[in-house]
Amino acid sequence: MDKFLLQKKGVRWDGAVIPRVSVDDLKKETFVFFRNRGFKNKRLSEDNLTDSDEHLLENLKLVENGYLKRAAVLLFHPDPEKFVTGAYVKIGYFEREADLIFQDEVHGNLFEQVEGTIDLLFTKYIKAMISYDGIHRNETYEYPRKPFGRLC
């Protein structure tokens, strides 16, 4: 029903505003992470590193009529589940199709969820080949971990 009503207004789900959230409610460390990652990947200029959080959100088109959009809350709020039910990642390990062996949930904003999910996958779910260099243990994964960033 929400999707239908939003479409009638020409608004997408992630573009709906959440009036009771302000820029001050958002997590400052996530803005730092976003700027550093954007600069490192050459998607943001050095000038963007000193922009205010408000200006950054406006440039990303995450503000409408002075209100933050749902996408801004999902990306930068420390607890987006307060505003968007089910805004978390759930991971499960199945031995067979219906045999759930264990499961985990990763909470936080979308950047934290991505980092937490990658950490969880590499520490609990993905098996590594183990070798030794003298007394030092080396783990080699089938997938490279290097491309993934670290949130402050």
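Every number in this text was worked out from the coordinates using simple rules, so none of it is lab data. On a predicted model such as this, the values are computed, not experimentally measured, just so you know. When we count neighbours, we look across all protein chains shown, and the Cβ atoms used for this are built from the backbone with ideal geometry, even at glycine.
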Check your understanding: Taking the simple approach of a point 7 Å from Cα along Cα-to-Cβ for both Ile126 and Ser45, what is their distance in nm?
Key -> 3.6 nm
Check your understanding: Taking Cα atoms, how many degrees apart are the long axis of helix 110-120 and the longest axis of the chain, rounded to 10 and kept between 0 and 90?
Key -> 10 degrees
Revision key, fill the gap. Subtracting the Cα-Cα distance of Lys90 and Arg12 from 0.36 nm times their residue separation yields 25.6 nm
Exercise for review: Round to a whole angstrom and tell me the spacing of the C-alpha centers of region 37-106 and region 123-140.
Suggested key: 31 Å
Point to revise | For q = 0.13, 0.21 Å⁻¹, Debye-computed log10 I/I(0) when each Cα of the chain counts as one equal scatterer | key: -0.78, -1.30
Point to revise | Cubic angstrom per residue, convex hull over Cα atoms of region 2-82 | key: 104 Å³
